[in-house]
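Following: one structure in structure tokens, then a few remarks.
The values are calculated or read from the model by the stated rules, or taken from the named source; none is laboratory data. Just so we're clear, the structure is a prediction, and the values are computed from it rather than from any experiment. Cβ atoms come from the backbone with ideal geometry, glycine included; neighbour counts cover every protein chain shown. Surface areas here come from the heavy atoms of the whole protein model, side chains and all, with no ligands, DNA or RNA. Shrake-Rupley method; radii C 1.70, N 1.55, O 1.52, S 1.80 Å.
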Amino acid sequence: MATVAIYSLKGGVGKTTLAVNLAWCSATLSSRRTLLWDLDPQAASSFLIGEPGRAHDHAQAIFSKDVNPTKLVQHSGVERLDLIPADTSLRGLDLLFHELDKKKRLAKLLGQLDSAYDRMLLDCPPGLTETSEQVMRAADLIVVPVVPSPLSARALDEVSSHLAQKGGKAVPLMPVLSMVDRRRKLHVEAVEAHPDWPVIPAASLIEAMAVRRQPLGAYARRSPGGEAFAELWREVERRLAAK
């Protein structure tokens, strides 16, 4: 099993959109047994592909009460794609990790799922926190959405610096330009400055995910956005294979 974290120091950069669509690509395009683990107390991924009416304050119990993570697994409705949903109990997860003082708690839990899945995707909360430290120890690759703006680029630099300061074998970062509007000069300049970064366009079809409560590929697979997510997933697979 390979673990891919979708993470950013900054919020509002399209993190959940990437997580849900990459999970769909893994399950559908690559036929991988895939689990999307929502670690963000906002539970946006859980809203998009989770079972309506199934939200309970149990998500933190996996970490605090040694509940086997398989007990919270839901089927997403997409073949080969399962979900461990988030809920508001995760608001205290950073404090819990600090109190537990178990640096590889998340990695250990992922190990319990190793035989059941080929790909694990983590939808992570923003910020440099105890949760993000757990993610950085557990992930094989971190996909970082970057909106074409100075603040978003600064957030990526801070994460890169943080990993460099930690020493040891750092998990690789994969920046992705997110919500790109090529009608805007700043966005065009960002694409030109980073020609090797994958690009996800801003599109009303992508925004419609929240209304449809489906991944983009389920209703607009051949759209520019759908093709962009598919190409991004192929690049993720290439990097995992190289690693």
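Quick notes
- Between Asp140, Asp114, Asp123, Asp118, the distinction of being closer than 22 Å to Arg32 by Cα and buried (at least 22 other Cβ atoms within 10 Å of the Cβ) belongs to Asp123 only.
- Residue within the range 219-229 that is exposed (fewer than 14 other Cβ atoms within 10 Å of the Cβ), of a type in the set (Lys, Arg) and under 23 Å from Thr28 (Cα atoms) present: yes
- Pair list, Cβ < 6 Å and 6+ apart or interchain, from the range 84-110 residues that are more than 12 Å from Ala138 (Cβ to Cβ) and among the small types (Gly, Ala, Ser) to residues that are at pLDDT 90 or above and assigned to a helix (DSSP H, G or I): Ala86/Ser46
- Among the criteria (1) under 19 Å from the mean Cα position of the chain (by Cα); (2) more than 30 Å from Tyr219 (Cα to Cα); (3) open to solvent by less than 30 Å² (accessible area, probe 1.4 Å), the one Leu83 does not fulfil is (2).
- Among the residues of the range 168-184, those identified as open to solvent by 40 Å² or more (accessible area, probe 1.4 Å) and either of a type in the set (Asp, Glu) or out of contact with any Leu (no Cβ under 9 Å at 6 or more places or on another chain) (or both) are Gly168, Lys169, Met179, Arg182, Arg183, Arg184.
- Condition met for Asp157 (among the charged types (D, E, K, R) and modelled with pLDDT of 95 or more): no
- Selection of the range 118-129 for residues being part of a loop (DSSP other than H, G, I, E, B) and in contact (Cβ under 8 Å) with a residue 40 or more places away in the chain yields Asp118, Cys124, Pro125, Pro126, Gly127, Leu128.
- Within the range 185-207, the set of residues being within 16 Å of Gly226 (Cβ to Cβ) and exposed (fewer than 15 other Cβ atoms within 10 Å of the Cβ) comprises Ser204, Glu207.
- Which numbered condition Lys103 fails, given (1) out of contact with any Lys or Arg (no Cβ under 7 Å at 6 or more places or on another chain); (2) farther than 22 Å from Gly14 by Cα; (3) open to solvent by 50 Å² or more (accessible area, probe 1.4 Å): (1)
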